[in-house]
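Each remark here refers to the structure printed beneath this line.
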Amino acid sequence: MVIEHKWIRLRALEKKDLPLLARWWRDWEVGRFLDEYLPLPQAEFERRFETMLEAQRNQRELHYGIEDEQGKLIGAVGLGRVDWKNRNAELYIAIGEKNRWDQGYGTEAITGLLEFAFRTLNLHRIWLPALALNQRAIRCYEKCGFQHEGRAREALFQEGRYHDVLVMGILQEEFTGGV
């Protein structure tokens, strides 16, 4: 499945993307905002990638690479913990190419994925955990329509101190305007 949205393209992640994904994951500036930012051995990274692809085949997760206007892979976005009964899913995004930060790619990728999730998959709610120290991401999520739903105080220890983790969410009706 390919999702075209304005100037970006979302396409399924493939094995050939693994070296680039591993490079992003190991880059501290990129990885520090991911769930796990410690470097993983290559074999473990490959095992996790295979597990991710298996979850996608079983429709428990949806993973897409983000391509720019030239077709270059610059990041990844997806839905995890897809709960088809309650029509909920957890969104994640990472723009791995740092020279593409602050240029609107994250906003476009999220908007494109939300469009697909709400209008095609008929999901009801998309949520995400946002690290309070990642103000760039929070501004992006707010721009896409996510609302602050809660705060887990001092839930993450990073860079020598504890940080809050925000829970943000958006409902289908909020995104589509009831249409």
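The values are calculated or read from the model by the stated rules, or taken from the named source; none is laboratory data. Everything numeric in this text was worked out from a predicted model, so none of it was measured. Cβ atoms come from the backbone with ideal geometry, glycine included; neighbour counts cover every protein chain shown.
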Inset, instruction - Tell me which of these His124 doesn't satisfy, since it passes every other one: (1) at pLDDT below 95; (2) surrounded by fewer than 19 Cβ atoms within 10 Å (Cβ to Cβ). - result: (1)
Legend entry - Residue that is surrounded by the most Cβ atoms within 10 Å (Cβ to Cβ) [pool: residues in region 160-179 that are free of Cβ contacts under 8 Å to residues at least 24 places away in the same chain and over 23 Å from Thr111 (Cβ atoms)]: Tyr162
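For (1) assigned to a helix (DSSP H, G or I); (2) surrounded by fewer than 15 Cβ atoms within 10 Å (Cβ to Cβ); (3) modelled with pLDDT of 95 or more, each residue gets a yes or a no:
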| residue | (1), (2), (3) |
| --- | --- |
| Asn86 | no, yes, yes |
| Glu90 | no, no, yes |
| Ala94 | no, no, no |
| Ile110 | yes, no, yes |
| Phe118 | yes, no, yes |
| Leu156 | no, no, no |
Legend entry - Filter result (of a type outside the set (Lys, Arg), more than 14 Å from Gln158 (Cβ to Cβ) and not in a strand (DSSP E or B)) within region 124-136: His124, Gln135
Inset, instruction - Output the number of residues of region 96-107 satisfying the condition of being within 25 Å of Gln59 (Cα to Cα) and either more than 12 Å from the chain's Cα centre (by Cα) or surrounded by fewer than 19 Cβ atoms within 10 Å (Cβ to Cβ) (or both). - result: 1
Legend entry - Qualifying position, being out of contact with any Pro (no Cβ under 6 Å at 6 or more places or on another chain), of a type outside the set (Asp, Glu), at pLDDT 80 or above and assigned to a helix (DSSP H, G or I), among Leu79, Leu10, Leu53, Leu20: Leu20
